[in-house]
Amino acid sequence: MHFEELLAGDGRVEPRDEMPDAYRRTLVRQIAQHAHSEIIGMQPEGNWISRAPSLRRKAILMAKVQDEAGHGLYLYAAAETLGVDRADLLDQLHGGRQKYSSIFNYPTLTWADVGAIGWLVDGAAIVNQVPLCRCSYGPYARAMVRICKEESFHQRQGFEILHTLAHGAPAQKAMAQDAVDRYWWPSLMMFGPPDDDSTHSAQSMAWGIKRFSNDDLRQRFVDMTVPQAEVLGLTLPDPEIRWNDERGHYDFGAVDFTELFEVIKGNGPCNRERMAHRVAAHEDGAWVREAAAAYSAKRAEAAA
Amino acid sequence: MNAWPLWEVFVRSRRGLSHVHVGSLHAPDAELALRNARDVYTRRQEGVSLWVVPSSSIVASDPGERDAFFDPAEDKVYRHPTFYDVPEGVEHL
């Protein structure tokens with residue numbers, strides 16, 4: 001069946017099907033960026049593993065960071081079905097030719113930030129990612145099904161951290177509020193620029209890669225999050241948030257997208273630190289990859 | 001430098017079901033492929049058995065030839081029980 005027919009019938013495109021080059025390139029760019037985001041996303045949270053406030057919290061955080069590595073691997077595997085090589089994708093990340101989500105260029109200053117990342121950042125990621133489970137490219141959609149199942153644990157553990165802090169001592173509640181204040185707007189930016197300014201959106205919608213517009217998804221996230229903030233007893237740092245009966249949605253203030261574009265350009269608080277850490281980890285691990293390859297070569301020789 | 005080959009991973013989720021393809025991964029040899037597959041694809045008890053197969057060993061039918069390859073089954077509707085008319089009142093057939 002031809003590509004256009006497949007899409008028209010809401011069918012799935014599989015790796016060896018014929019597909020337009022631009023579709024393939026768009027998928028490689030998006031899946032690679034998504035994979036890079038997962039592994040760079042290990043850094044802000046990994047920062048708190050050694051200082052988690054209890055053994056329970058530490059075990060949970062380690063499981064979560066391990067999940068992020070797993071998500072990266074599912075996605076690199078999905079990208080490779082398009083005929084690219086994971087090592088090349090990593091080279092492009094390290095060389096700055098491919099991006100990762102700008103949210104991970106913000107620092108985790110306190111333990112509460114780990115909660116805010118789980119609740120807001122993973123919450124926004126879930127809203128973005130659930131529709132990707134129906135993406136037209138089969139391997140990407142299947143990877144997203146696995147990822148979405150695991151993300152809901154991530155979001156709940158973040159909510160639980162903030163709930164505990166918000167119902168603790170005044171200093172703990174203030175720490176939770178400060179984390180939410182700093183992560184709220186960057187989380188809204190995760191949905192990308194407004195629909196009118198989004199360069200790839202229309203084509204991705206036509207290809208069935210994207211199912212809902214940036215602004216629709218952002219609204220969905222706000223609608224879902226405002227009542228949760230009330231349960232936490234924390235406020236969201238936007239005085240314009242109020243229920244709009246006519247629209248059936250929460251109104252909210254304008255997002256300052258100049259900040260998003262600055263962070264994407266490399267001028268966020270942690271861009272250089274994240275990349276330096278990533279490159280160092282990759283280079284420091286080279287001997288492990290080489291030793292494993294040498295060992296398996298030696299054993300293959302002995303068996304022959 | 002990264003000469004680790006690609007492996008396809010199959011998981012049996014519980015006894016009585018067959019192994020199902022879940023994805024792929026890179027590993028230098030079969031033993032590490034199994035260990036990596038356990039860590040990547042069964043962190044939540046998704047499986048009771050794992051297969052890893054070198055991707056290069058899989059021979060696949062060509063999607064471009066799909067119609068010619070599978071069409072011969074198309075006009076043989078008599079292979080399905082619904083093809084047959086059964087007189088009213090006949091049971092256990």
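Specify whether the C-alpha gyration tensor of region A:191-268 places it in the rounded, prolate or oblate class, a ≥ b ≥ c being the square roots of the eigenvalues: rounded for a/c under 1.5, otherwise prolate if a/b is larger than b/c and oblate if not.
Details: a/c = 2.27, a/b = 1.38, b/c = 1.64.
Note, shape of region A:191-268 comes out oblate.
Just read off the accessible area of A:Phe191 with the full protein assembly in place, 1.4 Å probe, to the nearest 10 Å².
Counting only protein heavy atoms, the figure is 10 Å².
Looking at the P(r) of region B:6-61, how many percent of alpha-carbon pairs lie beyond 17 Å? Don't skip to the end; give the middle numbers.
Working: 487 of 1540 pairs.
Counting pairs separated by more than 17 Å, the tail of P(r) holds 32 percent.
Under 12 Å from a label point 7 Å along Cα→Cβ of A:Asp88: give me every residue in region A:1-40 with its amide N that close.
Counting only backbone N, you get A:25, A:28-29.
What is the distance in Å between the Cα centres of region A:41-56 and region A:132-172?
Taking the Cα centre of each part, region A:41-56 and region A:132-172 sit 16 Å apart.
What percent antiparallel are the DSSP beta bridges of the protein assembly as shown, to the nearest 5?
Working: 15 of 16 bridges.
Within the protein assembly as shown, antiparallel bridges account for around 95 percent of the total.
So how exposed is A:His154, as accessible area in Å² (1.4 Å probe, rounded to 10)?
About 0 Å², rounded to the nearest 10.
Which whole number in µm²/s is D for chain A by Stokes-Einstein, with the Kirkwood Rh taken over Cα pairs at 10 °C and 1.306 mPa s? Intermediate values should be presented prior to the final figure.
Numbers: Rh = 20.7 Å.
Answer, rounded: 77 µm²/s.
Can you pull out the GluC sites (Glu not before Pro) in chain B that DSSP calls coil and that have at most 14 other Cβ atoms within 10 Å?
Values: sites: B:Glu8, B:Glu31, B:Glu46, B:Glu65, B:Glu74, B:Glu88, B:Glu91; in loops: B:Glu46, B:Glu74, B:Glu88, B:Glu91.
Sparse-neighbourhood loop GluC sites (Glu not before Pro): B:Glu74, B:Glu88, B:Glu91.
Give a residue-ordered list of calculated ³J(HN,Hα) values for region A:50-62 (Karplus: 6.51 cos²θ - 1.76 cosθ + 1.60, θ = phi - 60°; whole Hz; x for Gly, Pro).
6, 10, 4, x, 8, 5, 4, 4, 5, 4, 5, 5, 4
If exposed means no more than 10 neighbouring beta carbons inside 10 Å and the site is in a DSSP loop, what's the longest run of chain A without any exposed trypsin sites (Lys or Arg not before Pro)? Could you put the intermediate results ahead of the total?
On the way: sites that count: A:Arg97, A:Arg247.
The reported range is A:98-246.
Taking each residue in A:63-76, count the Cβ atoms of any other chain within 10 Å of its Cβ, then average. What number comes out? Mind showing how you got there, number by number?
Values: counts 2, 0, 0, 3, 2, 0, 2, 4, 1, 1, 8, 6, 1, 3.
Across A:63-76, the average partner-chain Cβ count within 10 Å equals 2.
With every protein chain present, what accessible area does A:Tyr74 have (1.4 Å probe, heavy atoms only), rounded to the nearest 10 Å²?
Roll a 1.4 Å probe over it and A:Tyr74 shows about 10 Å².
I'd like the trypsin sites (Lys or Arg not before Pro) in region B:5-84 restricted to DSSP loop residues with at most 12 other Cβ atoms within 10 Å, sorted by number.
Sites meeting the loop and neighbour criteria: B:Arg14, B:Arg15, B:Arg44, B:Lys76.
Counting helices only, and only those DSSP H runs with n ≥ 4, report the 222 nm mean residue ellipticity of the protein assembly as shown as the sum of -39,500 (n - 2.57) divided by its residues, in deg cm²/dmol to the nearest 500.
On the way: 16 runs with 209 residues, N = 397.
Roughly -16500 deg cm²/dmol at 222 nm, from the helical runs in the protein assembly as shown.
Working with all protein chains in place, sort B:Ser61, B:Ser24 by solvent-accessible area computed with a 1.4 Å probe, largest first.
Values: B:Ser61 60, B:Ser24 10 Å².
The most accessible residue leads, giving B:Ser61, B:Ser24.
The values are calculated or read from the model by the stated rules, or taken from the named source; none is laboratory data. These figures come from a predicted structure and were not determined experimentally. Positions of Cβ are backbone-derived with ideal geometry, glycine not excepted, and every protein chain shown enters the neighbour counts. All accessible areas refer to the heavy atoms of the entire protein, side chains included, with ligands and DNA or RNA removed. Shrake-Rupley method; radii C 1.70, N 1.55, O 1.52, S 1.80 Å.
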